[in-house]
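Engineer: Structure provided below as structure tokens; questions to follow.
What follows is calculated from the coordinates using simple rules that are stated; it is not laboratory data. Note that this is a predicted model, so its numbers are computed, not measured. Ideal geometry is used to build each Cβ from the backbone, glycine not excepted, and the neighbour counts take in all protein chains shown.
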Amino acid sequence: MDYLSHNIAINLKRIRKAKAMSLDVVAEQTGVSKSMLATIEKGDANPSIGVLGKIMSGLRVDLQDLTQVPQGDVYLVDVENGQKTGFFLDQKYNRLAIQRLCPGKRVLDCFTHTGSFALNAAVSGAKEVIGVDASELAVAQARENAELNGVSGTTTFQCADVFDLLPELEAKGEQFDVVILDPPAFTKSRSSIKNAVKGYREINLRGMKLVRDGGFLATCSCSHFMDYELFTKTIGQAARNAHKRLRQVEYRTQAADHPILWAADESYYLKFFIFQVVDER
């Protein structure tokens, strides 16, 4: 896929979705076959000027609308049925932070929700991205988002329980260059912290075991009850149990539009680490 075809693929899909039009309707209005439109949206075709002219006329857009550089990742958000508001803006800069780790790499995104971390890995040039979530609705939206961003060829999503899947992947000998763990809050009260620690320790241990020697783990907690000290202690325990050594690359928290208020401890809730993971020798 060349640069221009990539832009046209993403923009055509975005315009069509924004107008709530199916491929059949676009084909009828433009005179371009449904199969050709589908091929263009996949980035597998270099449409001629004549074809682009028909699309522009039928959709009432200009050439710049189709060829402009997409303004970052584009997401479909279900505000009615999705979790909370349907999208987690507090992680937006953390998603950008993983992009530099992923070009040419194999990436596993756990608790992918609608695919935002996975898509950032894919658009940065990852060789292969696998996203996993227990919600069928979220996985369906993640697949749509991959198509919308022109990365469905390198990105796959599956509906599965991450706690069940990771041991299965380990048993198969699977290895990844980058593993991303963005779980929901395992605790929303002080009374359940003990069980939450077990959950975070288990998921980080399983994630580390899947990281190729010298690869990277991005891991986070979105519960303010799981404070910085307890979270780092839990990650350290997981590393020792997995016989891994960690080199902290970066520590981040929520975006600035989710401010941390020193008079409100609960406002400091998101902890996000990037570690390089090395086998013990």
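Engineer: Can you sort T39, T114, T187 by how many other beta carbons sit within 10 Å, fewest first? Write down the numbers at each step before the final one.
Structural biologist: Details: T39 14, T114 28, T187 19.
The fewest-first ordering by Cβ neighbours comes to T39, T187, T114.
Engineer: I need the Debye-formula profile for the range 3-67: one equal scatterer per C-alpha, no solvent, reported as log10 I(q)/I(0) at q = 0.19, 0.23 1/Å, two decimals.
Structural biologist: -0.59, -0.92
Engineer: Next up: Dividing the Cα convex hull volume of the range 112-221 by residue count, how many Å³ per residue is that? Don't jump to the answer; show the numbers that get you there.
Structural biologist: Details: hull volume 11.4 nm³, N = 110.
Taking the convex hull of the Cα positions in the range 112-221, it is 103 Å³ per residue.
Engineer: Still on this structure: About its Cα centre, what dipole magnitude does the range 89-279 give when the only charges are +1 on Lys and Arg Cβ and -1 on Asp and Glu Cβ, stated in debye to the nearest 20? If you can, show how the numbers build up before the last one.
Structural biologist: Details: 23 positive and 23 negative charges, 135 e Å.
Approximately 640 debye in magnitude.
Engineer: Would you please state the base-10 log of I(q)/I(0) at q = 0.09, 0.13, 0.15 1/Å for the range 89-279, with intensities from the Debye formula using one equal scatterer on every alpha carbon?
Structural biologist: For the range 89-279, the Cα-only Debye profile gives -0.30, -0.64, -0.87.
Engineer: Additional query: Rank the residues M226, M208, M21 as a footprinting-exposure proxy: fewest other Cβ atoms within 10 Å of their Cβ go first.
Structural biologist: Working: M226 21, M208 25, M21 16.
In increasing order of surrounding Cβ atoms, one gets M21, M226, M208.
Engineer: How charged is the neighbourhood of G199? Take every other residue with its Cβ under 14 Å from the Cβ of G199, and add Lys/Arg as +1 and Asp/Glu as -1. Provide the component values of the computation, followed by the final result.
Structural biologist: Details: positive: K188, K194, K198, R201, R206; negative: D161, D164, D182, E202.
Value of the local net charge: +1.
Engineer: Still on this model: Could you pull out the pairs from K92/K172; K92/K127; K19/K271; K194/K271 whose alpha carbons sit more than 29 Å apart here? List each step's numbers first, then the result.
Structural biologist: Values: K92/K172 33 Å; K92/K127 22 Å; K19/K271 38 Å; K194/K271 18 Å.
Cα-Cα > 29 Å for K92/K172; K19/K271; rest within.
Engineer: Okay, moving on. If each of R240 and T67 carries a label point 7 Å out from its Cα toward its Cβ, how far apart are those two points in nm?
Structural biologist: Once both label points are built, they end up 6.1 nm from each other.
Engineer: Find, among the trypsin sites (Lys or Arg not before Pro) in the range 161-232, those assigned to loop by DSSP (not H, G, I, E, B) with at most 12 other beta-carbon atoms within 10 angstrom.
Structural biologist: Numbers: sites: K172, K188, R190, K194, K198, R201, R206, K209, R212; in loops: K172, K188.
Those satisfying the criteria are K172, K188.
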